[in-house]
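Below is one structure, written out as structure tokens, with a few remarks after it.
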Amino acid sequence: MNGEGGGKHDNDHHGSGGRLAHAIAELNARHGGRRSGSPESRLAQVAAAMAPGDDAQRRPGKDYNVVAELLAGELQGAAPISLRRARDGAWCLWETRPAIGGEESLLLRFLKQLQDFADKRASRALCNAYLVQYREDRPGLKMVSAALEQLSAHAGHPYALLQSHLRLFSLPEGPKRLGRQAIERRLPPTAVLQGLGLESMQLSQGGFVEPCAFAALQQLAADSGISPRERLEFVKALAVDKATGKLFFPHHKAEFANALLLPYSATNPPADVQSETLALILRAIGDPRSRAAAWRSMEDAARIARRWLTKESINQFLDVVDAVANDRMWRWRRKFWNAVFDTKGSDGQSIVQEAWVVFDDVGYAEARRMGLKDISVGRFAQSGVQNGQSVLLLRVGRMVIAEWSHNGKVRIWHDAENKGAPRLYSALYTARELRQGLDGSSCDWDLAHMSPASCAWQNAVADKLHELTGIRLSREKYR
């Protein structure tokens, strides 16, 4: 009898012990003392901030790792879950240990029970978790998307509207449709969502915004119906952090560059927009001439950027030399090289394909003083030049031209591929290589800037360009 009583006592003890352990786990889940700043705490803060004002979820400190452990155990046992667990469990799909989304069978059971509940707060919690934690490589993402196509109706405003109006929770349509709305309204996706009633900052800046911005940038690259100024300002709002000048999503750099540049494959925007666009791109990605590797995935955009930078380099050279050179001939040189750049080839673009400036220390300091900070330049590594002397390197057809400032000559190498021809886009040069070539064999043709008022040197250079390219400069443009 004592044995029977002892056995009953033991069974009661173990049963109550199991219930006690479960109760303790529940208390830990609701009031878990995780250290502030841990991933669990951040998740708890986001979930609490997005819960309705009268919901107990707003109490801080919930440990969603514990919630996930309890939920996984219940789902593995095929037990029905409580409504509280359903509401909390929506945040346990991807960023907890364990992650319910990583186990297909558990995720299916969880979503089925959410659908059976048809509860507003549980449905809203899943909508919120999906938008905040969205990432295309999330396991089970398509299953959650399919469930939300139905559950968004139970979530109420604005989720039901977002699904009926934009199919926001449907894949792959949702991100594309929000991207299109962003373009039509000329607003970033965050502002579109806020305008449709999704006012939580956690949502508007969550993971779902990234593919929507990506889709908008892709669509912008093919949309030529936007004015140049609108395009620039809209892409800035979509992609660039005002405080740092860096991209919100660095892996969007190709879409960012394409959206800004591809519409100008055969034309150019106004000068102010072009200059601002270049400055924005150079800060965000770098100069395609000196950082070619950063532009490897967007060669068409890089080609347009180099075309614009060619003119910027010519202007940079002319402006700096104007400031540092005491040269009565200089106005003739400015007029001539601008005329060369303005001459069009058979493709309708300038015959000057590329340009690169090389400054000595004085010229470089003057460029910095003038605010010309974003465009990369070459520097003279050693002495051997006059104070403030600079060189403008041009690629025209197959040739390389080195235009020296001050009393330097204009020098031409007929073939840029020859081993002696100077290379554009180097960081450092010697004066010797820009006078005699890389191999010291000298250039193919040179000329001093003699008798500029009668256009003697200008006509000689123009004739040489015609000989080598078949394109004749209009003498009226440089007289």
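Note down the net charge around Glu173, summing +1 for each Lys or Arg and -1 for each Asp or Glu among other residues with Cβ under 13 Å from its Cβ. Please list the in-between numbers first.
Numbers: positive: Lys142, Arg167, Lys176, Arg177, Arg180; negative: Glu149.
Summing Lys and Arg as +1 and Asp and Glu as -1 gives +4.
Ordered from longest to shortest, the equivalent ellipsoid semi-axes for the stretch 307-399 are 23, 14, 12 Å, each the square root of 5 times a Cα gyration tensor eigenvalue.
Given 4 °C and 1.567 mPa s, compute D for the stretch 242-324 with the Stokes-Einstein relation, Rh being the Kirkwood radius over Cα pairs; round to the nearest whole µm²/s. Please report the intermediate quantities before stating the final value.
Details: Rh = 13.4 Å.
The calculation lands on 96 µm²/s.
All Cα-Cα separations within the stretch 215-271 were binned at 10 Å from zero, giving a P(r) of 24, 56, 20, 0, each value a whole percent of the pairs.
Kirkwood-type hydrodynamic radius, the chain: 27.2 Å, calculated from all non-identical alpha-carbon pairs. Highest mean packing comes first when the peptides 355-366, 74-85 are listed by Cβ atoms within 10 Å, giving 355-366, 74-85. Relative to its residue count, the stretch 321-479 spans a Cα convex hull of 113 Å³ per residue. The DSSP beta bridges internal to the chain are antiparallel in roughly 85% of cases. Here the translational diffusion coefficient of the stretch 367-412 follows from Stokes-Einstein with Rh set to the Kirkwood radius across Cα pairs; for 4 °C and 1.567 mPa s it amounts to 105 µm²/s. Helix 64-76 sits at what angle to the longest principal axis of the chain, using alpha carbons and giving 0 to 90 degrees rounded to 10? Approximately 60 degrees, to the nearest ten. Listing Met143, Met50, Met370, Met399 from fewest to most neighbouring C-beta atoms within 10 Å gives Met370, Met143, Met399, Met50.
In plain terms, the bigger the Kirkwood radius, the slower the diffusion; for the stretch 393-469, with that radius from Cα pairs, at 25 °C and 0.890 mPa s, Stokes-Einstein puts D at 192 µm²/s.
Taken together, the values in this text are just the output of simple stated rules run on the coordinates, not laboratory data. Note that the coordinates shown come from a computational prediction; the quantities given were computed from them, not determined experimentally. Every residue, glycine as well, gets a Cβ built from its backbone with ideal geometry; the counts of neighbours run over all protein chains shown.
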